[in-house]
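Notes follow the structure.
The values are calculated or read from the model by the stated rules, or taken from the named source; none is laboratory data. Note that the structure is a prediction, hence the values are computed from the model and not measured. A quick note on method: Cβ atoms are made from the backbone with ideal geometry, for glycine too, and the neighbour counts reach across all protein chains shown.
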Amino acid sequence: MFQRTTGNRSSATTQQSPGGNKRVTILNLCFWTTIYYAGFLTGMHSFLATNDKCSRKLSAALGVIEEPVLAVNDPETRELQRIVESVVQKSLAHALEKQGPTPKVEEKKTETQSNQSKPSYSRFPKEMARFATGAARTTKQEFLKIFDYGYPEDQNKGEKGAKEVLLLYAKKDYIPEDVVTGAVEEKGDGIPFFKDPAAATAKCQEMHVVTTDSPCLAIMNGFGSFHIQRWIRPHGDVSSSLMSAGRGVNEHGGDAFRPPEIQFTRSHWELLQRYFKNLDQTIKELKPIVQSISINKTVIIMVCNFGQSELLMNFVCSSRARGFDISNILLFATDKETLELAKSLGMTGYYDERNFGHITKKAAAEYMDEKFADMMYAKIVVVQVINFMGYDLLFQDVDVHWYRNPLLEFHNTSSPLFNFDILLQDDGSRSLRYAPFCANSGFYYVRYNDRTRYLFISLLLQGDLVAAKGSHQQFLISLLADHSSWTGLRVKVLGHDDYPGGWDFHRWGRRNYLRSISDGKFLPQIFHMSWTQNKANKILFMKQMGMWHLKDTCKSQSLHAILSSQVNATASDTYNLCCSSEPLISCHYKDKPAVVNCSSSPPIDRDGSVWWK
């Protein structure tokens, strides 16, 4: 043992090392400890010299002389060896304690070793362990492809600072094995990133998804809640305290979801009493009609009064000019004049005077006025009753233009859209009262099931809100959100490119897209001329876009007036008298989209630039 120790010392002191002077100090310490060790052994050897047997055993224990193995394994020899080693170890430990901590030799580390050596600490304290033990990230766009909750497509793209999803794991058991350490511990490398959201959620037995644009978000453990608690400072006053607020309260104090006044509720109760009293008779009358026209157990539903009849007639003219089969359309007329016009054009119509007799024949002067609200009630009733009868349905306003038959896509079993209960056009508005789906209530497809049946029963019962606010759009959207988390209703908002509308029409940034439609380079499914102040604007915009096929001689005319202008004309002649096989294009505004150059026309907007360039 003595010879091996001195040999190591000699080798170490004849080589240079990165440790510098500190390493020399340690070597000196080892040297003097060895000298002490040797002196101790020499004295012990002299003391035992009178006993030759004992001396030889000690020498064998020290490795100074060769001794047969049996001698070294002798119990007395092993005991002497143990005593010597114990004394030396105690002496060396005492010397090192006086010297202080042993300096480490600097060595070049690999990248893995470098990461492992970084100081680490838990990402979340134990006080959050019930809901946040680890964290990971993934791309928002890929995440929403897998976990499609039906939100508008612009939520999938992800702007700067909104391109990723933050995942919180309540337990290590839910974290993928290859990132457990990085998800739980912070080492300065950031939160682990997953390119594939499926891999990031592979071990999750349940996952809640929260979407928010709030500047502050508080998360805490508690009973699972499927609603957001909202707190705001009134009027944006930073000096005031945060106060609990409903979803419709804006920064100026307005409330889009203020409960309706009692007079609206009482008025709606009267309508409901009338509706439920006559429901069985209504269904009895509708049943043979619906059975005769449904295709794939689907009916297209439209609602119209005489004030909007030219838009209805134009839809029939343009659809037949393009060869579409519209035989499964059921028009719910709110007056007899509209019913006559519809039937003269080959449509199937139904007039329910018991429920719609109170609705005016005039067109709404503007969006959300009293006449508009009356028609919204009618639109709720007709969807509810057809859905209640067990049919799939496509509801659309009369200002919709077909480029293709949308039912072909909705009935396509290989389409991803087939898995949703309700499909709605994107309205385009991102205002607070339309969150989170921002759907348009003028074009949507509904598959009949228990979930959709109860959705439209719920909407019917909240008709007093419609009367108070003038529109059922925001209340339908709020129910979509509630029922999607309550009953599992699967909602999907359709993309702008295939289902454009008035929002696209009025957006300068969509000019190239609309040019591709007017040039025939792109063919969407439909176009809905929403986002207009009144019927007059709708008609002029549709004429510029090549969507108008109704002759002016039939505009705002009753069937009697149309037929009276022609000798021996009958109702079956209405289509030929009123419809053009080619679009009737005319210019009206230079700052709005058009299929022809309308740059010589006046603008409609204050800063109207020429659209056609």
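Suppose we filter Ala162, Ala129 for residues that are touching an Asp or Glu at 6+ places or on another chain (Cβ under 9 Å) and modelled with pLDDT under 95; which single one remains?
Residue meeting the stated conditions: Ala162.
For the range 240-263, how many residues meet the condition of being in a loop (DSSP other than H, G, I, E, B), of a type in the set (A, V, I, L, M, F, W, C) and surrounded by 12 or more Cβ atoms within 10 Å (Cβ to Cβ)?
So the answer is 3.
Condition test on Ile289, is it under 39 Å from the mean Cα position of the chain (by Cα), in a helix (DSSP H, G or I) and surrounded by fewer than 17 Cβ atoms within 10 Å (Cβ to Cβ)?
Criteria not met by Ile289.
Test Leu144 against the criterion of being in contact (Cβ under 8 Å) with a residue 40 or more places away in the chain, surrounded by 16 or more Cβ atoms within 10 Å (Cβ to Cβ) and not hydroxyl-bearing (Ser, Thr, Tyr), and give yes or no.
no
Would you call Ser558 surrounded by fewer than 14 Cβ atoms within 10 Å (Cβ to Cβ), small (Gly, Ala, Ser) and not assigned by TED's automatic domain parsing to the domain that holds Ala321?
Answer is no for this residue.
Take the residues in the range 152-179 that are hydrophobic (A, V, I, L, M, F, W, C) and surrounded by 16 or more Cβ atoms within 10 Å (Cβ to Cβ); name whichever of them is nearest to Thr133 (Cα to Cα).
Ala170
What are the pairs, 6+ residues apart or on separate chains, where a residue within the range 308-321 that is under 16 Å from Asp552 (Cβ atoms) and touching a residue at least 40 places away in the same chain (Cβ under 8 Å) has its Cβ under 9 Å from a residue that is part of a helix (DSSP H, G or I) and among the acidic types (Asp, Glu)?
From the range 308-321, the pairs are Ser309/Glu337.
In the range 337-354, what count of residues is obtained for those that are touching a Ser or Thr at 6+ places or on another chain (Cβ under 8 Å), in a helix (DSSP H, G or I) and among the acidic types (Asp, Glu)?
Selection size over the range 337-354: 2.
Let's see how each residue does on (1) over 25 Å from Ser601 (Cα atoms); (2) of a type in the set (Gly, Ala, Ser):
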site	(1), (2)
Ser458	yes, yes
Asp464	yes, no
Ser478	yes, yes
Gly501	no, yes
Arg511	no, no
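Just one of Gly463, Gly428 is closer than 29 Å to Leu312 by Cβ, in the same structural domain as Gly349 (by TED's automatic domain parsing), crowded, with 22+ Cβ neighbours inside 10 Å and under 19 Å from the mean Cα position of the chain (by Cα); which is it?
The conditions single out Gly428.
Just need a number here: residues in the range 484-514 that are more than 15 Å from the chain's Cα centre (by Cα), in a helix (DSSP H, G or I) and surrounded by 21 or more Cβ atoms within 10 Å (Cβ to Cβ).
4
For the range 435-450, enumerate the residues that are of a type outside the set (S, T, N, Q) and surrounded by fewer than 18 Cβ atoms within 10 Å (Cβ to Cβ).
The one that is of a type outside the set (S, T, N, Q) and surrounded by fewer than 18 Cβ atoms within 10 Å (Cβ to Cβ): Asp450.
Please return the ranges of helices (runs of 4 or more DSSP H) entirely within the range 532-580 where 2 or more residues are closer than 15 Å to Ser318 by Cα.
535-544, 574-578
When only residues in the range 222-239 that are assigned to a loop (DSSP other than H, G, I, E, B) and hydrophobic (A, V, I, L, M, F, W, C) count, which is surrounded by the most Cβ atoms within 10 Å (Cβ to Cβ)?
Filtering the range 222-239 for residues that are assigned to a loop (DSSP other than H, G, I, E, B) and hydrophobic (A, V, I, L, M, F, W, C), the one surrounded by the most Cβ atoms within 10 Å (Cβ to Cβ) comes out as Ile228.
If you check Asp573 against the conditions, is it without any contact (Cβ under 8 Å) to a residue 40 or more places away in the chain, out of contact with any Lys or Arg (no Cβ under 9 Å at 6 or more places or on another chain) and under 16 Å from Trp508 (Cα atoms)?
no
Does Asp421 meet the test of being crowded, with 18+ Cβ neighbours inside 10 Å, charged (D, E, K, R) and over 26 Å from Gln263 (Cα atoms)?
Judged against the criteria, Asp421 is a match.
Please count how many residues of the range 338-361 are surrounded by 19 or more Cβ atoms within 10 Å (Cβ to Cβ), of a type outside the set (Phe, Trp, Tyr) and closer than 23 Å to Ser556 by Cβ.
The total comes to 9.
Pull out all pairs, ordered by first then second residue, where Cβ-Cβ is under 7 Å, the residues are six or more apart or on different chains, the first lies in the range 172-190 and is farther than 13 Å from Phe124 by Cα, and the second is among the charged types (D, E, K, R) and outside any loop (DSSP other than H, G, I, E, B).
Val180/Lys172
Taking the range 390-426 as the region of interest, how many residues are over 24 Å from Pro583 (Cβ atoms), β-branched (Val, Ile, Thr) and assigned to a strand (DSSP E or B)?
Residues flagged as over 24 Å from Pro583 (Cβ atoms), β-branched (Val, Ile, Thr) and assigned to a strand (DSSP E or B) within the range 390-426 amount to 1.
Residues in the range 430-449: is at least one touching a Ser or Thr at 6+ places or on another chain (Cβ under 9 Å), aliphatic (A, V, I, L, M), in a strand (DSSP E or B) and at pLDDT 95 or above?
Yes, some residue in the range 430-449 is touching a Ser or Thr at 6+ places or on another chain (Cβ under 9 Å), aliphatic (A, V, I, L, M), in a strand (DSSP E or B) and at pLDDT 95 or above.
Inside the range 147-179, can you point out the residues that are more than 22 Å from Asp213 (Cβ to Cβ) and in a helix (DSSP H, G or I)?
Lys172, Asp173, Tyr174, Glu177, Asp178, Val179
Answer with yes or no whether Glu206 is surrounded by 12 or more Cβ atoms within 10 Å (Cβ to Cβ), farther than 30 Å from Gln473 by Cα, modelled with pLDDT of 85 or more and of a type in the set (D, E, K, R).
no
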